[in-house]
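The values are calculated or read from the model by the stated rules, or taken from the named source; none is laboratory data. Keep in mind that what you see is a predicted model, and the values were worked out from it rather than measured. Glycine also receives a Cβ, built like all others from the backbone with ideal geometry; neighbour counts cover every protein chain displayed.
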Amino acid sequence: MVCLALTMPVLRATDAPAPPAASTPLPKQAAAPAAPPPAKIAKVEANGILGRAVQGPDGHQIGRVVDVLVDGGGHVRAAVIDFGGFLGVGTRRVAVDWADLTFPASGSDADIKLDLTADQIKNAPLYTDQTKAAAVAEPPAKTLPGPQAKAGDPGQAPDAPKSK
Amino acid sequence: MLGLRERQTAPGSTKPARSGGTAPDGPPVDRRSEAGLDWLNFFTANLQTAFGPFVSVYLTQRAWTQSDIGMVLSVGYAASMISQVPAGALVDATRQKTRAAGAAILAIIAGALMLAFFPTLLPVMAAEVSHGFASCMLGPAIAAISLALAGRAAGAAGLRLGRNARYASIGNGVAAGLMAVVGSTLGARAVFILGAGMAVPGLFALRLIRTAAPADAPRTAAAGPPQPAREGIFRLLADRRLLWFALCCAAFTLSNAYMLPLAASEATASLGNDASLLIGACIVGPQIIVALLSPAAGRVAEQRGRRPVLIAGMVALPVRGLALALISGHPGWATWALIPVQLLDGISGAAFGVLVPLVTSDITRGTGRFNLCMGVIGLAMGAAAAASTFAGGMVADQSPPLAFLVLAGIGGLGVVLAAVMPETR
């Protein structure tokens, strides 16, 4: 079973309400670095996705999420999935565009849906190195059906990553 | 103690000696022990399958991070490498090899259950470490029991080891098939429960076996534990035949270990999800060939010598590597040709399954160090497997067909090594 984090209490530092310590300006020399205020706890409808099964448009389960890639701005850009193989032999690890994933409602353990079939990502370059720019597989064309470049071109279709 | 078979009466064995047991002389006719050993091989083969690459799949499903998975697997690998030789020495020091095998099976069952029910960092690491040590004991212990059971009758050892390899490969193939079915229907955890459950009959099979004195027991101290002769170890390790054979085994594994993973990954790239079926066939198919060929491998090794079998097992490698390189260059339906090409792996599997214990027994005859030397060979093969995956992976990043060619080349080198290796019979 996948560890689900539904309506998970989340710690936030940025928009925590100003605690009393901050509202009353203290004499600078008195307090050594003031203890940071305790975080505010908020409920967020969100789930963990590591290890979750991924389903292609044809309904076949094609793999599992093993990692998530973020860019320098902190935006989630891609999910790394392991797909294929037999008892762990012959598994391929590829990165797919985050925008092509559709997630089930919070709290559901249904499969994550990917707009690409196993056939479409089978030739995608392997994801190997955490530290290098990843080649990310994208659908041939989001709106127009037609044969176009389908994988591994980071310059193509720089979709603004959907923030969920 | 040539030709002499003795029943060990260890303090723990409460069972009275059976009248139909081993005869003090003549050919071994202990059918009960023979059958026990057959089933022991059958039921313990799956323990390796369950702990293989599937651990990584399972832990991924348990939402483990890839770095944690990598760390745990590295710890398991390091544990098995470090314990190869000490575990062998421990089995050598044990008078009752069946006890050593039983303890190892229990430890591996416990590890599988721990993986199934406590998939958190420390228990999993403990399971990996105990599996590493226990499997280093189990393989040599089973081989030692087999040699003891076969006795010193001419040719008996090779036939018995051929039978071992046959039952182990059937067990492996059946386990792989069952695990795939169970894994896809009941989930990954069930695979480990199945693995643990399948090993339990192995413990009962073990109880059927009446061991004679270890076949490698020193002539002077047949009844007692081997004398701790430290310089004996070093003299043995300096034995050129052991060095040659370790080199042969290392070359074999260096060439062999990465062929299937790379071919399977290529198959996935070529066929997508359909590849799972093909990869399954590539894993089970060679086991069928091993089951068919290994009794013949044992017979030929006894009648014609070890070297022809060694060369046959080694020649299959470059042939396979070249064929895999060809297929790799032609994606698509040609990928299905992987299945017949992988059958060549069965030839190598049968040859080495029989020869590793047989040649080691040749080299250690009368020294009481059989299991230690099995550990040395295991160490050489384990290191070669890691090197194969690492170096093969680096070349494959550039060009997979080139990687197959390099692996084939190493296999060719292995053929040369096998051809010049001194006969040990």
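Just to be sure I understand the filter: pairs with C-beta atoms under 6 Å, separated by 6 or more residues or on different chains, first member in the stretch B:53-74 and more than 9 Å from chain A (Cβ to nearest Cβ), second member in a helix (DSSP H, G or I) and of a type in the set (D, E, K, R). Which pairs pass?
If the second residue must be in a helix (DSSP H, G or I) and of a type in the set (D, E, K, R), the pairs left are B:Val72/B:Glu128.
Could you list all residues from the stretch A:52-67 that are over 12 Å from the mean Cα position of the chain (by Cα), within 7 Å of chain B (Cβ to nearest Cβ) and touching a residue at least 24 places away in the same chain (Cβ under 8 Å)? Talk me through it step by step, then tell me what you get.
We begin by selecting, within the stretch A:52-67, every residue over 12 Å from the mean Cα position of the chain (by Cα); these are A:53-64.
Then keep just the ones that are within 7 Å of chain B (Cβ to nearest Cβ); that gives A:60, A:62, A:64.
Of everything in the stretch A:52-67, those that are over 12 Å from the mean Cα position of the chain (by Cα), within 7 Å of chain B (Cβ to nearest Cβ) and touching a residue at least 24 places away in the same chain (Cβ under 8 Å) turn out to be A:His60, A:Ile62.
With B:Ala257, B:Ala238, B:Ala212 as the choices, which residue is surrounded by fewer than 23 Cβ atoms within 10 Å (Cβ to Cβ) and at pLDDT below 85? First the steps, then the outcome.
Details: B:Ala257 fails: at pLDDT below 85; B:Ala212 fails: surrounded by fewer than 23 Cβ atoms within 10 Å (Cβ to Cβ).
Just a single option satisfies the conditions, and that option is B:Ala238.
Given the condition more than 20 Å from the chain's Cα centre (by Cα) and surrounded by fewer than 22 Cβ atoms within 10 Å (Cβ to Cβ), answer yes or no: does some residue in the stretch B:35-56 qualify? Give the steps one after another, and end with the answer.
As a first pass, look at the stretch B:35-56 and keep what is more than 20 Å from the chain's Cα centre (by Cα): B:56.
From the residues that got through so far, the ones that are surrounded by fewer than 22 Cβ atoms within 10 Å (Cβ to Cβ) too are B:56.
Checked against the condition, which is being more than 20 Å from the chain's Cα centre (by Cα) and surrounded by fewer than 22 Cβ atoms within 10 Å (Cβ to Cβ), the stretch B:35-56 yields at least one hit.
In the stretch B:388-419, what residues are surrounded by fewer than 22 Cβ atoms within 10 Å (Cβ to Cβ) and of a type in the set (S, T, N, Q)?
B:Thr389, B:Gln398, B:Ser399, listed by residue number.
Which condition number in (1) touching a Leu at 6+ places or on another chain (Cβ under 9 Å); (2) modelled with pLDDT of 90 or more; (3) more than 14 Å from every other protein chain (Cβ to nearest Cβ); (4) over 23 Å from B:Thr44 (Cα atoms) is the one that B:Ala264 fails?
(3)
Would you confirm, using the coordinates I've provided, whether B:Ala87 is closer than 18 Å to B:Met381 by Cα, among the aliphatic types (A, V, I, L, M), buried (at least 23 other Cβ atoms within 10 Å of the Cβ) and modelled with pLDDT of 90 or more?
Numbers: closer than 18 Å to B:Met381 by Cα: yes; among the aliphatic types (A, V, I, L, M): yes; buried (at least 23 other Cβ atoms within 10 Å of the Cβ): yes; modelled with pLDDT of 90 or more: yes.
Spelling it out, B:Ala87 is indeed closer than 18 Å to B:Met381 by Cα, among the aliphatic types (A, V, I, L, M), buried (at least 23 other Cβ atoms within 10 Å of the Cβ) and modelled with pLDDT of 90 or more.
Mind checking which residues of the stretch B:369-387 are of a type in the set (Gly, Ala, Ser) and buried (at least 24 other Cβ atoms within 10 Å of the Cβ)? Reasoning before the result, please.
The first filter runs over the stretch B:369-387 and keeps only residues of a type in the set (Gly, Ala, Ser), leaving B:375, B:378, B:380, B:382-387.
Within the stretch B:369-387, B:Gly375, B:Gly378 meet the criteria.
Within the stretch A:36-62, take every residue that is at pLDDT 90 or above and not in a loop (DSSP other than H, G, I, E, B) and give me the one that is farthest from A:Asp129 (Cα to Cα).
Going through the qualifying residues, I end up with A:Gln55.
Output the number of residues of the stretch B:58-97 satisfying the condition of being touching a Lys or Arg at 6+ places or on another chain (Cβ under 8 Å) and of a type in the set (S, T, N, Q).
2
I want to confirm something. Restricting to the stretch A:68-92 and keeping residues that are in contact (Cβ under 8 Å) with a residue 60 or more places away in the chain and in contact with a Ser or Thr (Cβ under 8 Å, 6 or more places away or on another chain), which single residue is farthest from the other protein chains (Cβ to nearest Cβ)?
A:His75
Quick one: which residue in B:Pro422, B:Pro340, B:Pro401 is farther than 26 Å from B:Gly132 by Cβ and not in a helix (DSSP H, G or I)?
Values: B:Pro340 fails: not in a helix (DSSP H, G or I); B:Pro401 fails: not in a helix (DSSP H, G or I).
The unique qualifying residue is B:Pro422.
Could you count how many residues in the stretch A:93-129 are part of a loop (DSSP other than H, G, I, E, B) and either within 13 Å of another protein chain (Cβ to nearest Cβ) or in contact with a Pro (Cβ under 8 Å, 6 or more places away or on another chain) (or both)?
Let us first name the residues in the stretch A:93-129 that are part of a loop (DSSP other than H, G, I, E, B), namely A:103-111, A:115-117, A:122-129.
Still in the list and also either within 13 Å of another protein chain (Cβ to nearest Cβ) or in contact with a Pro (Cβ under 8 Å, 6 or more places away or on another chain) (or both): A:109-111, A:115-117, A:122-129.
Residues meeting the conditions: 14.
Picking from B:Gln66, B:Gln8, which residue would you name as being surrounded by fewer than 18 Cβ atoms within 10 Å (Cβ to Cβ), at pLDDT below 90 and not assigned by TED's automatic domain parsing to the domain that holds B:Leu194? I'd like the intermediate steps shown before the answer.
Values: B:Gln66 fails: not assigned by TED's automatic domain parsing to the domain that holds B:Leu194.
Criteria check complete, one pass: B:Gln8.
Is one or more of the residues making up the stretch A:13-32 out of contact with any Pro (no Cβ under 7 Å at 6 or more places or on another chain), at pLDDT 70 or above and either in a strand (DSSP E or B) or farther than 26 Å from A:Asp109 by Cα (or both)?
First, the residues of the stretch A:13-32 that are out of contact with any Pro (no Cβ under 7 Å at 6 or more places or on another chain): A:13-15, A:17-18, A:20, A:23-32.
Add one more test, that the residue is at pLDDT 70 or above, and what stays is none.
No, the conditions are met nowhere in the stretch A:13-32.
Residue-wise test of (1) in a helix (DSSP H, G or I); (2) under 22 Å from B:Pro140 (Cα atoms); (3) of a type in the set (S, T, N, Q).
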residue	(1), (2), (3)
B:Pro308	yes, no, no
B:Val315	yes, no, no
B:Thr335	yes, no, yes
B:Gly366	no, yes, no
B:Gly382	yes, yes, no
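Select from the stretch B:267-292 the residues that are among the polar types (S, T, N, Q) and within 18 Å of B:Ala175 (Cβ to Cβ) and write down the one among them that is nearest to the other protein chains (Cβ to nearest Cβ). Even if it seems obvious, please write down each step before you answer.
Filtering the stretch B:267-292 for residues among the polar types (S, T, N, Q) gives B:268, B:270, B:273, B:276, B:287.
Checking which are within 18 Å of B:Ala175 (Cβ to Cβ) leaves us with B:276, B:287.
On the way: B:Ser276: 5, B:Gln287: 13 Å.
By that ranking, first place goes to B:Ser276.
Given the criteria under 16 Å from A:Ala124 (Cα atoms) and under 14 Å from the mean Cα position of the chain (by Cα), does A:Ile49 qualify? It would help to see each step written out before you state the result.
On the way: under 16 Å from A:Ala124 (Cα atoms): no; under 14 Å from the mean Cα position of the chain (by Cα): yes.
When the stated conditions are applied, A:Ile49 does not pass them.
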